[in-house]
Structures are given as structure tokens and as C-alpha cells.
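J.: The following block contains the structure, expressed as C-alpha cells.
The values are calculated or read from the model by the stated rules, or taken from the named source; none is laboratory data. The shown structure was predicted, so the numbers you read here are calculated from the model rather than taken from an experiment. Every residue, glycine as well, gets a Cβ built from its backbone with ideal geometry; the counts of neighbours run over all protein chains shown.
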Amino acid sequence: MSKLVFKNLRRERDCMKQQIVLDEIVNKRGRRVDGFINYGQKPDMSHYQIPVIIVEGGHPGKTLLIDAAMHGDETEGSEAIIKLAAELENMEFNGTFVGVPALNMEAFACISRATLTDGFNLNRIFPGTKDKYITHYLAAEYMERVVSHVDAVINMHGGGDVLHLEPLAAYVPSEGEDDEVSRLSQGMAEAFNVKYLWCQQNLPFDGITSLEYKKAFGIPTIIPEVGSQCSRFVNRERDVDICYRGMKNVMAYFGMIPPTGDKPVEHKIHIELNYLHARNGGIQKLCKRENEIVEEGETLGVIHDMFGNQVEELKAPFPGVVIGYWSVPVIRPGDWWSLYGRILKKE
Ligand SMILES: [Zn+2]
């Protein structure tokens, strides 16, 4: 995108700022408003809803949107948003915080990755459209009514119920020297302060938030991945804290709050994340675990059938590092088996 287009988009957005309109307000307290955006009445006469928390800092500054649980089983970010909002409403800061603790609330309420009504994965269908299924409608409404009014987005994810991922922050790849949006996105990812940084240069799918928000509004987005069901057993509070601190570090990066004083994570690793799929189902066993450095050809995992016969072996396609994996013993043909990082740079 040229600088001129970017500037025009920004000017338009500056005029639209502070105009997130909620359909239902459930709480108004000081500079904080909690409420819902409704996007369709159900047969039982309740509505599909997006819960929104808006906290004005009391001073001019950026509007930062942080959302979580667009995949309904990824809730570390949700807990961190709730905690951060409670803190922010009692302090002055620059700009506006917009928190959406459960973007796909139907999926969240059913502890499901995808929308139950139509089966769609919300983070594959952006920018959405208003003339298709409810998930497409959610994406389109969210972009129009929330995302178009903000300066930057943290779109929180995690391993959810079936995957594990080590904490990482993904940012949008640069399209050239004057690509200010990507520069900001990378800056946000670095500020988020986790071990792995992923430039989304090799995404195997379309329709995701970060790239579509850049295209539509010229705003920077990062996608952190923190926590998972297996991590929650011992590290739930730690993972929520990583999210919470990361969010504050990005606020500090934009000058919304003073520097947090967090010590930068040592030995950050820049990776290209690769999704390695299983071709057969069965009971899978991991031979390499998170953070293990692997040589090309080493075995990452094996799958056995119900009679104990090995039906598949996953070999590392190149030297790399294990970022995550399918964390459930049973795996099906086509499932993501290994989330495997090619190491681009070590700090
Ligand atoms: Zn996700």
C-alpha cells in the first residue's frame, strides 16, 4: 500500500474514531462501558452477541483493540483482557482500550474451535460478507463496527483443546521499504515479548485477521499464540500472565502507558512456522517435544493403529525447532500433527 493511501485511510479512520456503537449497554462506570454488539436474532429470541469493553484513558492517544476466543477454546487471552480492563478502568492512560474477551461467543460458550451453527472457522473467512452464513456475517459486522474504528489490533490465539503451541507472536510480512503497517506490526510483536517471532510469510490459508485488516484499513495486527489445554494443567496462570504482560507491553509501545519495565525475553528466535499434517489416523506419539532443536530427517512422531502396528512416521523436513504439536493421543487423517519452525534468526 502506498503511503498516500495509508494516510487517507488513517484520516478517514480518525474521523470515525470513538464511534463504536453498542446495541446493548450492561455497565457504565467512570470511563468504562461494557456492552454487546448484536448480529442476528436466534430462534429462541436471544441474539448472537459480541461482548465489548471500552475503557477511555482520559488523554489523547491510540485506540488499541484486543480480542480473544475467536476460536472458542482459546481462552488465555480472554482471561488477560478481563484482568487488564479491570486495571485500566482505575487509571489514566493515553488513548482507548477496546477489549473483546470472546469474539466468537457462540463457539466460546460451547468450548468449540469453530462456530457450531455453520461449522466455519472464523479465522479463515475474513473479511466476511453479509450475505452468507452467520460466521461470515460475524466477520463482516466486526470489521465494520469495531475494527474500522481502531489503530491497531492484538488478535489473541492459543493451542486450545487439541494443540499445544509455545508462546509466539506473529506479524505481517513487509511488502517494501515504505510498508509502515508491517513495520508497526513487527514492532508490536517484538514488544509483546515472547520467545518466538513469526513473520507470516508462508501462510497456508487465507482469510485471516492480520492480513485482511491491513488490506481493508491499513492497520497493524499481531497474532500471539499462548497456552493450550495441556499447558493449562500446570501453567494456566503463567500463560494468562504472559498474555497480560504482552498486552501491556504493546500499550507501552504505542505510548498509551509508560514502559512496563519487563525484562526482554532472552534468546528470541525468528521462525517460519510450518504446519505438518498427518496422512493417517491412529494413536500418535511424539518423539520430539516443544523447544527441541531437530536435524533434518529426525523422527518428530509416530502413529500406531489399534493392533499396535506403526502406520506412519513423521520426519523433520528440514532442520528446525518444535513449536507445537497435536496434543491429543488420537489423531485423524489431515490433522495438524506438528507445528514446526524453520529457524531464520536467533537473537
Ligand atoms: Zn486460534
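J.: Check VAL181 against each of (1) closer than 24 Å to THR63 by Cα; (2) surrounded by 19 or more Cβ atoms within 10 Å (Cβ to Cβ); (3) within 16 Å of the ligand (Cβ to nearest atom) and name the one condition it does not meet.
T.: Condition not satisfied by VAL181: (3).
J.: Tell me whether region 211-225 contains one or more residues that are β-branched (Val, Ile, Thr), surrounded by 21 or more Cβ atoms within 10 Å (Cβ to Cβ) and in a helix (DSSP H, G or I).
T.: no
J.: Additional query: Test HIS59 against the criterion of being in contact with an Asp or Glu (Cβ under 9 Å, 6 or more places away or on another chain), more than 16 Å from the ligand (Cβ to nearest atom), under 25 Å from TYR244 (Cα atoms) and not aliphatic (A, V, I, L, M), and give yes or no.
T.: Considered against the rule, which asks whether it is in contact with an Asp or Glu (Cβ under 9 Å, 6 or more places away or on another chain), more than 16 Å from the ligand (Cβ to nearest atom), under 25 Å from TYR244 (Cα atoms) and not aliphatic (A, V, I, L, M), HIS59 comes out as yes.
J.: Name the single residue that is nearest to TYR340 (Cα to Cα) among those in region 134-170 being touching a helix residue (DSSP H, G or I) at 6+ places or on another chain (Cβ under 7 Å) and more than 16 Å from the ligand (Cβ to nearest atom).
T.: Checking each candidate, the answer is ALA152.
J.: Please enumerate the residues belonging to region 184-202 that are assigned to a loop (DSSP other than H, G, I, E, B) and crowded, with 16+ Cβ neighbours inside 10 Å.
T.: ASN193, VAL194, LYS195, GLN200 - these are the residues of region 184-202 that are assigned to a loop (DSSP other than H, G, I, E, B) and crowded, with 16+ Cβ neighbours inside 10 Å.
J.: Which of the residues that make up region 142-166 are buried (at least 19 other Cβ atoms within 10 Å of the Cβ) and not in a loop (DSSP other than H, G, I, E, B)?
T.: If the condition is that a residue be buried (at least 19 other Cβ atoms within 10 Å of the Cβ) and not in a loop (DSSP other than H, G, I, E, B), then TYR142, VAL147, SER148, HIS149, ALA152, VAL153, ILE154, ASN155, HIS157, LEU163, HIS164, LEU165 are the ones that fit.
J.: May I pose another question? Using beta carbons and a limit of 6 Å, which pairs, at least six apart or on different chains, have the first residue in region 149-160 and farther than 12 Å from LEU103 by Cβ and touching a residue at least 24 places away in the same chain (Cβ under 8 Å) and the second one part of a helix (DSSP H, G or I) and of a type in the set (D, E, K, R)?
T.: The qualifying pairs are GLY158/GLU76.
J.: Can you tell me which residues in region 111-125 are within 13 Å of the ligand (Cβ to nearest atom), of a type in the set (A, V, I, L, M, F, W, C) and either over 13 Å from the mean Cα position of the chain (by Cα) or assigned to a loop (DSSP other than H, G, I, E, B) (or both)?
T.: Matches in region 111-125: ALA114 only.
J.: Of the numbered conditions (1) out of contact with any strand residue (DSSP E or B) (no Cβ under 7 Å at 6 or more places or on another chain); (2) surrounded by fewer than 23 Cβ atoms within 10 Å (Cβ to Cβ); (3) more than 24 Å from ASP241 (Cα to Cα), PHE126 satisfies every one except a single condition; which is it?
T.: (2)
J.: Going through LEU300, LEU286, LEU273 one at a time, which residue ends up being within 16 Å of the ligand (Cβ to nearest atom) and either under 14 Å from SER338 (Cβ atoms) or free of Cβ contacts under 8 Å to residues at least 60 places away in the same chain (or both)?
T.: Being within 16 Å of the ligand (Cβ to nearest atom) and either under 14 Å from SER338 (Cβ atoms) or free of Cβ contacts under 8 Å to residues at least 60 places away in the same chain (or both) holds for just one of LEU300, LEU286, LEU273, which is LEU273.
J.: With respect to the numbered conditions (1) within 25 Å of TYR244 (Cβ to Cβ); (2) more than 17 Å from the chain's Cα centre (by Cα); (3) touching a residue at least 24 places away in the same chain (Cβ under 8 Å), which one is the sole condition not fulfilled by GLU87?
T.: (3)
J.: Return the pairs, sorted by first residue and then second, in which the second residue is within 16 Å of the ligand (Cβ to nearest atom) and not hydroxyl-bearing (Ser, Thr, Tyr), the first residue lies in region 120-138 and is at positive phi and modelled with pLDDT of 95 or more, the beta carbons are less than 8 Å apart, and the residues are 6+ apart or on different chains.
T.: So the pair list comes out as GLY128/LEU138; GLY128/ALA139.
J.: Which condition breaks for ILE323 when tested against (1) touching a Phe, Trp or Tyr at 6+ places or on another chain (Cβ under 9 Å); (2) modelled with pLDDT under 95?
T.: (2) is the only condition that ILE323 fails.
J.: Moving on to the next point. I'm trying to understand the selection: among the residues of region 62-108, which are more than 16 Å from the ligand (Cβ to nearest atom) and among the aromatic types (Phe, Trp, Tyr)?
T.: Within region 62-108, PHE93, PHE97 qualify.
J.: What are the residues in region 64-86 that are surrounded by fewer than 24 Cβ atoms within 10 Å (Cβ to Cβ) and in a helix (DSSP H, G or I), if any?
T.: Scanning region 64-86 gives GLU79, ILE82, LYS83, LEU84, ALA85, ALA86.
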